[in-house]
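Asker: One structure coming up, written as C-alpha cells, with questions to follow.
The values are calculated or read from the model by the stated rules, or taken from the named source; none is laboratory data. Note that the structure is predicted; figures quoted are calculated from it, not measured. For neighbour counting, all protein chains shown are included, and Cβ atoms are generated from backbone atoms with ideal geometry for every residue, glycine included. Areas reflect the complete protein model, heavy atoms only, side chains present, ligands, DNA and RNA absent. Shrake-Rupley method; radii C 1.70, N 1.55, O 1.52, S 1.80 Å.
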Amino acid sequence: MEEWIEQLQNSVNNLDKLKQYVNVSPEEEQGIKTLNTQWGTTPYFASLMKRDDPHCPIRMQVIPSVKEKENRYGIPNYLIWKENRATDEVRPDSIARQYHDRIAFTVTDVCANYCRHCFRKELVVDRDLKLRMDVDEGLAWIQEHQEIRDVLITGGDPFILSDEKIEYLIRKLREIPHIEMIRFGTRVPIVLPQRITAGLKKVLSGFHRVPIWINTQCNHANEITETTAMGVYDLLSCGVNVGNQAVLLKGVNDNVDAFRELHQKLLAVRIRPYYVFYCEPAPGIDHFRTPVEKGAELIRDALRGHTTGLAQPMYVIATNIGKIPLMPDYHIVDKNDQEYTLRNHTGQLTTLPNIPE
Ligand SMILES: *Cc1c(COP(=O)(O)O)cnc(C)c1O
Ligand code: SF4
C-alpha cells in the first residue's frame, strides 16, 4: 500500500491515538469529548506536535477546543454568504463565484487534516452543510462560461482524490479552450507530503498550454520539514509553482518572530508566500481571530525591509465580494508640489521629486 494511503487510514483522530504523540491537556480532552465534530490529522503531522506544550502551534490547529462552542462574532450560514451561493446566478453547488474571470471549484469535502480554524468549517469540519460535489456538473458549467479563464480547484483537499480523478479533472479542464490556468488549493505538501508520489508527479508533469499552480497552507515554521522540502522540490520539478496561503491565527503566528520565521522558512523550501488571510468570521472560530489591523502591523514590523521582498505575501480579508487587500500604509509621510517624503522600515526618511502629470 502506498504510504500516503496508510497515513490517511491511520489518521490520528481519537484520544488514544493522540496520546501516543502528546500529553493531552485536560482542556484538549474536554474538547475532544464534548464536541461533535470531524477532527484528526496524519501520523506524520501529529509527529510534529510538541509533546508537553498545549500551546504548540500545530496542536492548536489540530485538536478540537471547547472554545469552538462560543460564537459571538461568527456570521450565520457563513459559507453560503461567503461563496455567493444564494445569489441569482444559477450555478452548481461546486462552483463558488466572486469574480468575472475565475471561480473556486469544490471537488471534495475530505481533508488529511481537519483544521480547527477552517473557514469552510460548516462543510468540512462540522458537516452540517451539505453540498453536491459533482465534478462533471461543474465541468459542464465551466465549459459553458467562456469568461472563465482560471479555475481554482479546492475542497476539502483535492489532492486526497486518486491520481485517476486528478488526471481526469486536469485533462477535462485543458480541453476547454477558454481555460488558461488551473490552480489547486491543497494542504498536502504540509500535512501529507507523502502524497507527492511518482504517480501524482506523472499526472502533474510535462509542458502544456495550460499550466498548473498550487497554493498550500502553512501557518507556522514548525510545519516545515525536510520531507516538505523534498515534496515541494518534486512539484517544482514537474513544472508546478508552489505558493502559500497562510491564515493569521491568534496564538499561532500573530507575533513578529513567528511571522517572520514562517515566511523565511517557506522560501528556504522553495514555497513563495502568496497571501496571508485575516481569519474569517466563520462560526466557532472567534478564538483564532485578531483585530483586522494585526496582519498589516506584522507585515510592517516583521517582513517589509526586514527580509527579502520574495518573502512578502499580500495581506487580505476574504469576503463575499472578493479578497480585499489590507496592506500597511505608512510609506508616504508627506507630499507637496515639489517632493514626496518617504519612510522606510527603520523610520528613516528620504525625499523624492514629485513629477507633475
Ligand atoms: C480566492 C478565490 C479566488 C481566487 O482569488 P485569487 O485572488 O485570484 O487567488 C477565486 N474565486 C473565489 C470564489 C475565491 O474565494
Ligand atoms: S485543509 Fe483546508 S479545507 Fe481542509 S480543514 Fe484545513 S483549511 Fe479546511
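Asker: Kindly sort 132, 187 by accessible area of their heavy atoms, largest first, with the probe set to 1.4 Å.
Answerer: Result of the area sort, largest leading: 132, 187.
Asker: Please work out how much length the chain gains when fully extended from residue 71 to residue 164, using 0.36 nm per residue of separation minus the C-alpha to C-alpha distance, in nm with one decimal.
Answerer: The span from residue 71 to residue 164 would gain 29.5 nm if fully extended.
Asker: Order 24, 188 by their accessible area, 1.4 angstrom probe, all chains in place, largest first.
Answerer: 24, 188
Asker: Also: Considering only C-alpha atoms, what is the centroid distance from region 245-294 to region 11-46, in Å?
Answerer: The two parts, judged by their Cα centres, are 23 Å apart.
Asker: Largest first, how would 73, 330 line up by accessible area (1.4 Å probe)?
Answerer: So, going from the largest accessible area down, we get 73, 330.
Asker: Rank by packing, highest mean first: peptides 340-350, 240-250, 99-109, with packing defined as the count of other Cβ atoms within 10 Å averaged across residues.
Answerer: Ranking, from highest mean packing down: 240-250, 99-109, 340-350.
Asker: Using amide H atoms built 1.01 Å from N in the peptide plane, name the residues 5+ places from residue 243, or on other chains, whose amide H lies under 5 Å from its own.
Answerer: Residues meeting the amide H criterion: 214, 215, 216, 272.
Asker: Let me ask another. How large is the convex hull of the Cα atoms of the chain per residue, expressed in Å³ as a whole number?
Answerer: So the per-residue hull volume is 164 Å³.
Asker: May I pose another question? Please report, in cubic angstrom per residue, the volume enclosed by the convex hull of the alpha-carbon atoms of region 108-160.
Answerer: 92
Asker: Could you report region 69-325's accessible area per residue, 1.4 Å probe, as an integer in Å²?
Answerer: Roughly 41 Å² per residue, with all protein chains present.
Asker: Can you tell me which of 220-226, 121-127 comes out highest on packing, and rank the rest after it, using the mean Cβ neighbours within 10 Å?
Answerer: Most protected by this proxy first, the peptides run 121-127, 220-226.
Asker: Express the carbon and sulfur contribution to the solvent-accessible surface of the chain as a percent, rounded to the nearest whole number, probe 1.4 angstrom.
Answerer: Roughly 51 percent, rounded to a whole number.
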